[in-house]
Amino acid sequence: MTIRTRKSPVLVALCRKRSQLSSEIIELEAQLERKRKEVETLDCTMVLLGMARDEEIARPRKVYTIRFGKGELKRMIVDILKAAKDPLTTRQVTDEVRRRKRMLQDYRRRVKCALTQYRITVQVGKTESGESLWVLKGQAAKAKVDPKPSLRLVRSQ
């Protein structure tokens, strides 16, 4: 068992990180207080102007972030399925999308909706656990197994 001293690099790094996070918390609290004062000032201004406060207008709006550009998810799914030799599960496609996009969130529901809506992807079966297996439409078509050759060779005399 090793005893950590005050000059231990690990302890120094942890203390430095803690002080950095503490200063960020103080800064964010000050910023929050400034925003609250701004909202209060706007409310007072509206009262002075004789305007009734409409709760529908004043309610906070939800901020939407766009994760994929126009057609980006479809192109990414097509590239993933083209590169695959075997059918892929929804989870495998989602994990590959996350890896390529470097995202931490799980977008399995969005990828599954995309796979079912695109006309180019086909569900070819399910695994034992119930996950869908997906391929591209051209890869799903199986080659005909013809016992007779389609061309006959004829000897000329």
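The values are calculated or read from the model by the stated rules, or taken from the named source; none is laboratory data. Values in this document were obtained by computation on a predicted structure and should not be read as measured data. Ideal geometry is used to build each Cβ from the backbone, glycine not excepted, and the neighbour counts take in all protein chains shown. Each accessible area value is taken on the protein alone, full model and side chains, heavy atoms only, with ligands, DNA and RNA left out. Shrake-Rupley method; radii C 1.70, N 1.55, O 1.52, S 1.80 Å.
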Under a crude label model (7 Å from the Cα following the beta-carbon direction), how far is ARG109 from ARG6 in nanometres? 5.3
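Evaluate E = 1/(1 + (r/R0)^6) for THR89 and ARG59, where r is the Cβ-Cβ distance and R0 equals 25 Å; express this FRET efficiency to the nearest 0.05.
Step by step, r from the Cβ atoms, then E = 0.05.
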Carbon + sulfur, % of accessible area of the range 1-125 - ligands and nucleic acids excluded, 1.4 Å: 56
Beyond 27 Å (Cα-Cα) in this structure, taken from LYS35/LYS70; LYS35/LYS101; LYS74/LYS126; LYS17/LYS37, we find LYS35/LYS70; LYS35/LYS101; LYS17/LYS37
Using a Förster distance of 41 Å, the FRET efficiency for LYS74-ARG36 (Cβ separation, nearest 0.05): 0.40
